[in-house]
Amino acid sequence: MKKRLLTGLVGLALAGGIFWGFHNNHSAENPLAQTKEQTFMLLTDVHFLAPELHDTGKAFTFIKATAAGKDLEYQTQSLQAFVAEALATKPQGVIITGDLTLNGEKISGEQLAKELAPLKEQGIALYCLPGNHDLYDGWARSFHGDKQAKTAQISPEDFKKIFPDGYKDARSTAPDDLSYALSVSPDYRFVLLDSNHYPMTESRAQPATGGSIRDSTMTWLETQLKEAQQNHQQTLVFLHHNLLQHNDTVNQGYVLDNAAEVKKLLKDYGVKVVFSGHIHAQDIMAEDDLTEIVTSSYNIIDHGYGLLKLNDSQVAYDRKTISVSNWAKGKPGLPAEVYQHDTYLKDLFLNDGERLAYETLLNQGITDKETLETGADFLGQVNLDFFQGNDGRTTTEVAELKKDPGYQLLAQDKFLKDYLDGVLQDKNLADQHWHSK
């Protein structure tokens with residue numbers, strides 16, 4: 001229950017390998033390589049569930065209640081709003097760092113690709129990595145009436161066919177997984193790492209939460225880093241799992257199992273920045289000269305995404321948001337919740353945090369309505385601030401918050417006290433913006 005604070009439906013680690021031999025290592029440059037200045041839009045944890053896989057029945061109502069603040073009903077509209085923003089921004093590419101689908105439903109992957117197809121029509125590349133919910137996920141389901149039914153799962157080969165741009169443009173792909181490298185300009189190389197544990201065939205098991213970089217991929221990664229160094233290119237790394245520990249209380253399964261080894265390799269070759277997702281929260285932190293930027297899930301709160309700008313002297317990242325309510329203005333025939341979507345999405349997320357507070361306090365025997373609301377309101381707002389990256393409070397501000405009756409009440413539970421103490425103040429970097437020196 002308590003781990004819903006970060007991602008909700010998570011699973012135990014399921015070891016698995018894949019060996020299907022699509023490795024290549026050629027010198028053909030990415031078509032983007034002729035452009036000196038570039039812009040990329042960065043999404044993560046979209047968790048798209050195709051509308052044809054559900055109705056408004058009992059089974060879908062239940063899954064919505066366990067979705068940890070994710071919107072599962074109006075995803076088509078929020079994706080269309082993103083596409084409109086991307087077409088106006090005109091980036092060289094859109095990068096999605098995993099959990100494209102709710103639970104690896106093949107229909108969801110195919111439908112997501114269709115929703116994003118206008119990007120390709122305008123020459124905007126779509127570079128995707130799988131997340132821990134995307135491949136051979138035993139939870140792939142449809143929801144109709146009061147029944148859940150198994151639906152086709154995405155295989156690694158399916159993933160390459162559904163989201164082909166990265167593999168088509170790659171200058172090299174890893175031998176044993178879905179990692180690939182792109183030379184996007186004379187100055188920059190992107191390495192997109194498949195950090196997920198998944199089985200080799202269709203599965204009945206829940207998706208693995210944890211991840212690591214395979215030994216063969218580590219060898220391949222070092223080759224990419226060495227080549228980039230020889231070509232005087234700066235390497236930017238993208239993956240689903242985290243390299244650094246962004247939350248002191250909830251981190252097992254989110255940080256790479258072999259993070260220390262990966263960090264050492266990246267630092268040895270002077271990598272300055274890594275981009276990831278998985279925890280759904282917006283956070284930027286640094287360890288020595290290596291910075292990790294975690295973009296918040298596109299499917300919660302304010303539809304956050306990263307705007308990545310590159311030129312020959314600097315890398316810059318800014319967190320941006322999409323207002324579906326503004327996108328919907330003047331469009332007739334949409335559901336009422338779409339016209340008020342910004343408020344709807346915020347309430348959906350706040351209610352999930354508040355529900356956890358209610359459950360914890362009720363388990364402690366507290367039943368007074370006013371007392372319950374005090375704790376719920378406090379946890380809901382603090383949780384919202386953390387996931388949006390608005391937790392850069394001063395020590396004085398934190399001290400005042402700890403005097404709040406809501407904090408005093410929730411702090412009687414050890415887990416919640418540890419969690420609150422960890423997210424009330426971000427002592428790392430500002431979470432909305434970053435640029436290289």
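The values are calculated or read from the model by the stated rules, or taken from the named source; none is laboratory data. These numbers come from a predicted model, not from an experiment. Don't worry about glycine lacking a Cβ; one is built from the backbone with ideal geometry, like all the others, and counts go over all protein chains shown. SASA here: full protein model, heavy atoms, side chains in, ligands and nucleic acids out. Shrake-Rupley method; radii C 1.70, N 1.55, O 1.52, S 1.80 Å.
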Item to check | Whether region 108-174 is rounded, prolate or oblate, judged on the alpha carbon gyration tensor where a/c under 1.5 counts as rounded | outcome: oblate
Checklist entry - Rounded, prolate or oblate: which fits region 295-437, taking a ≥ b ≥ c as square roots of the Cα gyration tensor eigenvalues, rounded meaning a/c under 1.5, else prolate when a/b beats b/c? => result oblate
Next on the checklist: Which of Glu37, Glu397, Glu115 ends up with the largest GNM mean-square fluctuation for the chain, with Cα atoms connected below 10 Å?
Outcome noted: Glu397
Checklist outcome for this item: Scalar couplings 3J(HN,Hα) for region 85-96 by Karplus 6.51 cos²θ - 1.76 cosθ + 1.60 (θ = phi - 60°), nearest whole Hz, x for Gly and Pro, are 5, 5, 5, 6, 6, 6, x, 6, x, 10, 10, 10
Checklist outcome for this item: In this structure, among Lys90/Lys160; Lys402/Lys427; Lys36/Lys267; Lys120/Lys161, pairs with alpha-carbon gaps over 19 Å are Lys90/Lys160; Lys36/Lys267
Checklist outcome for this item: The helix 414-423 Cα axis meets the longest alpha-carbon principal axis of the chain at an angle in degrees, between 0 and 90 and rounded to 10, of 50
Checklist entry - Which of the lysines could be linked to Lys58 by a straight reach, that is with a Cα gap under 20 Å, when you skip same-chain ones fewer than 8 residues away? => result Lys70, Lys147, Lys150
Checklist entry - In region 156-301, how does Rg compare with the Kirkwood Rh, expressed as the Rg/Rh ratio over alpha carbon atoms? => result 0.95
Checklist entry - Order of 225-238, 50-63 by packing, highest average Cβ count within 10 Å first? => result 225-238, 50-63
Checklist entry - Over what distance in Å are the Cα centres of region 285-342 and region 79-110 separated? => result 12
Item to check | Helix-only [θ]222 nm of the chain, DSSP H runs n ≥ 4, -39500 (n - 2.57) each, per residue, nearest 500 | outcome: -10000 deg cm²/dmol
Next on the checklist: Could you tell me the extents of region 343-391's C-alpha atoms along the three principal axes, largest first, rounded to whole Å?
Outcome noted: 33, 22, 15
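Just to make sure I understand: if all protein chains stay in place, what is the order of Trp327, Trp220 by accessible area at 1.4 Å, largest first? Working shown, then result.
Numbers: Trp327 45, Trp220 15 Å².
Result of the area sort, largest leading: Trp327, Trp220.
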Checklist entry - Looking at the square roots a ≥ b ≥ c of the eigenvalues of the Cα gyration tensor of region 214-291, which shape do they give, rounded for a/c under 1.5, prolate if a/b is larger than b/c, or oblate? => result prolate
Item to check | Centre separation in Å (Cα based) which lies between region 200-231 and region 378-437 | outcome: 33
Item to check | Label-to-label distance, nm, for residues given as Glu359 and Lys414 (7 Å Cα→Cβ offset) | outcome: 2.0
Checklist entry - In nm, what is the difference between 0.36 nm times the number of residues separating Ala149 and Glu110 and their Cα-Cα distance? => result 12.2 nm
